[in-house]
Amino acid sequence: MTSQTRLTALRYVMIVTGAIFAFGLYPLTQLWASGWSWGVGHSHYQMMIVGVYGTLGLCLIAGARDPIDARSLIWFTVWSSALHSAIMAFQALSDPAERGHLFGDVPALLLVAVALGVLTPRGAQLSVRNGQGVRQAA
């Protein structure tokens, strides 16, 4: 995969992930509660998570314009998604009532972490154009 193809793929992954976080998370909690909504009944926690992930989603969409400059945001998304997925997996395995999450939000967040992590350029893959001061993926 060329660096330009990789950067284009990263942009698409950021936009799709951002759109799902911003606009799809709440509907998923309503349509498939056992895979996306923790606990039973009304929860203040759920709306806080929807708000935080909605904000992250909008930031990912905005960051897709220049993923090189948005690397801190991308790596935050990678590591927080991986950790959140691991914690939820442990909790779902510990509580039989939450096992549906092993097929819903747990693998979804792990997929987000892997996709963004694999596509994001790292130090050796970044270069500066001759004297123009414009960074590009190498």
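Cβ-Cβ contacts under 6 Å between residues 6 or more apart (or on different chains), taken from a first residue in the stretch 7-35 that is farther than 17 Å from residue 69 by Cβ to a second residue that is among the aromatic types (Phe, Trp, Tyr), are listed as 21/53; 25/53; 28/36; 29/36; 35/103. Any residue in the stretch 60-82 that is within 13 Å of the chain's Cα centre (by Cα), in contact (Cβ under 8 Å) with a residue 12 or more places away in the chain and under 15 Å from residue 28 (Cβ atoms)? Among the residues of the stretch 60-82, not one is within 13 Å of the chain's Cα centre (by Cα), in contact (Cβ under 8 Å) with a residue 12 or more places away in the chain and under 15 Å from residue 28 (Cβ atoms), which makes the answer no.
Just one of the listed residues (16, 40) is open to solvent by 40 Å² or more (accessible area, probe 1.4 Å), of a type in the set (A, V, I, L, M) and part of a loop (DSSP other than H, G, I, E, B), and it is 40.
Here residue 109 fits the description: assigned to a helix (DSSP H, G or I), crowded, with 19+ Cβ neighbours inside 10 Å and not charged (D, E, K, R).
Among the residues of the stretch 112-138, the ones that are outside any loop (DSSP other than H, G, I, E, B) and at pLDDT 95 or above come to 8 in all. Within the stretch 19-30, can you find the residues that are among the aliphatic types (A, V, I, L, M) and open to solvent by less than 80 Å² (accessible area, probe 1.4 Å)? Of everything in the stretch 19-30, those that are among the aliphatic types (A, V, I, L, M) and open to solvent by less than 80 Å² (accessible area, probe 1.4 Å) turn out to be 19, 22, 25, 28.
The values are calculated or read from the model by the stated rules, or taken from the named source; none is laboratory data. Note that the structure is predicted; figures quoted are calculated from it, not measured. All Cβ positions, glycine included, derive from the backbone under ideal geometry; neighbour counts span all protein chains shown. In case anyone asks, the SASA skips ligands and DNA or RNA and just uses the protein heavy atoms, side chains included. Shrake-Rupley method; radii C 1.70, N 1.55, O 1.52, S 1.80 Å.
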